[in-house]
Amino acid sequence: MAGDGTVGKACDVLDQVASFSHPVRFGQLLEASAYPKATLYRFLQTLVSQGMLSYDPDHQTYALGMRLVRLAHAAWTHSSLAPIARGHLDQLSADVGETVHLAQMDSSQVLYVDKRNASQPVEMYSQAGKVGPAYCTGVGKAMMAYLPEDELARVIAQQSFHRFTDETLTTDVSLREELQAIQKRGYAFDREEHEPGIICIAMPILTDGGRVLGALSVTGTTVRLSLKELEGLAPKLANVANRISADAQAWRFPDSKQHMTKAG
């Protein structure tokens, strides 16, 4: 991002390498890079020396480095809801028999941090560790609906509004109308907006103060389920979301109630 200086540019290069699903050559990176050849090469060399990237001299390719794996594991442990929510997801998955997702916001996108497959698994885009669009996924809309206005405006401005299906919302106006409806009922739907035949109900996970921690969803196919049937799971999802929220707040702020009592 503009104004982020050297660190921001290095992160841009990391993101570019990560966007390939395989080790990538310098020429391939240069073709899509916003940086001059010498600048790109300098960043690559620095990232390799720091262990953020690895370089294969035989094939002359760059790939994400093992230091990133360590950092990712630490981030998953310290910042992700996944370790806290694991038991709740297991129980919900056993109860409903459909695909269960746990997600958090990653800038303007959705990051799937955990997933439980249905008893009869269905192939779909979402996998733990993958990012997806916020404007056309149930978990994305559930989280967006409860963002503060300044943050919501920033997130909406970064949506691509690409039409994935005939049901995809493709304007900021239609998205904002949808988010208002979500606030009124307390949960979101994916009405085949990202993938044909895939529907879901999603529940935001909020702190006691209303801050967004993440979102939880139950996803199925139109062959097996209707939106009405999924909506019947809303009370169960709300209960699970509340339990995850309580556990997350107790883990992150274990002494907050004690401090508040002393302060009062």
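If I ask for residues that are in a loop (DSSP other than H, G, I, E, B), surrounded by fewer than 16 Cβ atoms within 10 Å (Cβ to Cβ) and within 27 Å of the chain's Cα centre (by Cα), which ones from region 25-39 would you list?
Ala34
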* Of the residues Glu178, Glu192, which single one is on the phi > 0 side of the Ramachandran plot and among the charged types (D, E, K, R)? -> Glu192
* Pick out, from region 171-221, the strands (runs of 3 or more DSSP E) lying fully within it that include 1 or more residues that are of a type in the set (D, E, K, R). => 188-191
* Structure fact -> Among the residues of region 132-147, the number that are farther than 18 Å from Thr99 by Cα and under 11 Å from the mean Cα position of the chain (by Cα) is 3
* Complete set of residues in region 196-224 that are free of Cβ contacts under 8 Å to residues at least 12 places away in the same chain and among the β-branched types (Val, Ile, Thr) -> none
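Here's the yes/no breakdown for (1) assigned by TED's automatic domain parsing to the domain that holds Leu237; (2) surrounded by 11 or more Cβ atoms within 10 Å (Cβ to Cβ); (3) in a helix (DSSP H, G or I):
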{"residue": "Tyr41", "(1), (2), (3)": "no, yes, yes"}
{"residue": "Gly51", "(1), (2), (3)": "no, yes, no"}
{"residue": "Ala63", "(1), (2), (3)": "no, yes, no"}
{"residue": "His88", "(1), (2), (3)": "yes, yes, yes"}
{"residue": "Leu102", "(1), (2), (3)": "yes, yes, no"}
{"residue": "Met105", "(1), (2), (3)": "yes, yes, no"}
* To do: For region 10-24, name all the residues that are farther than 14 Å from Met52 by Cα and assigned to a helix (DSSP H, G or I).
  => Ser19
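Residues are listed down the side, and each one gets a yes or a no for (1) modelled with pLDDT of 95 or more; (2) under 29 Å from Val69 (Cβ atoms):
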| site | (1), (2) |
| --- | --- |
| Ser107 | no, yes |
| Arg116 | no, yes |
| Ser126 | no, yes |
| Cys136 | yes, no |
| Val139 | yes, yes |
| Tyr146 | yes, no |
| Glu149 | yes, no |
| Pro204 | yes, no |
| Thr207 | no, no |
* Out of (1) under 30 Å from Val218 (Cβ atoms); (2) modelled with pLDDT under 90; (3) assigned to a helix (DSSP H, G or I), the odd one out for Thr6 is which? -> (1)
* Tell me, yes or no, whether region 144-163 has at least one residue that is under 27 Å from Thr222 (Cβ atoms), part of a helix (DSSP H, G or I), touching a helix residue (DSSP H, G or I) at 6+ places or on another chain (Cβ under 9 Å) and assigned by TED's automatic domain parsing to the domain that holds Arg243. => yes
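The values are calculated or read from the model by the stated rules, or taken from the named source; none is laboratory data. Just so it is clear, the structure is predicted and the values come from calculations on it, not from any experiment. Cβ atoms come from the backbone with ideal geometry, glycine included; neighbour counts cover every protein chain shown.
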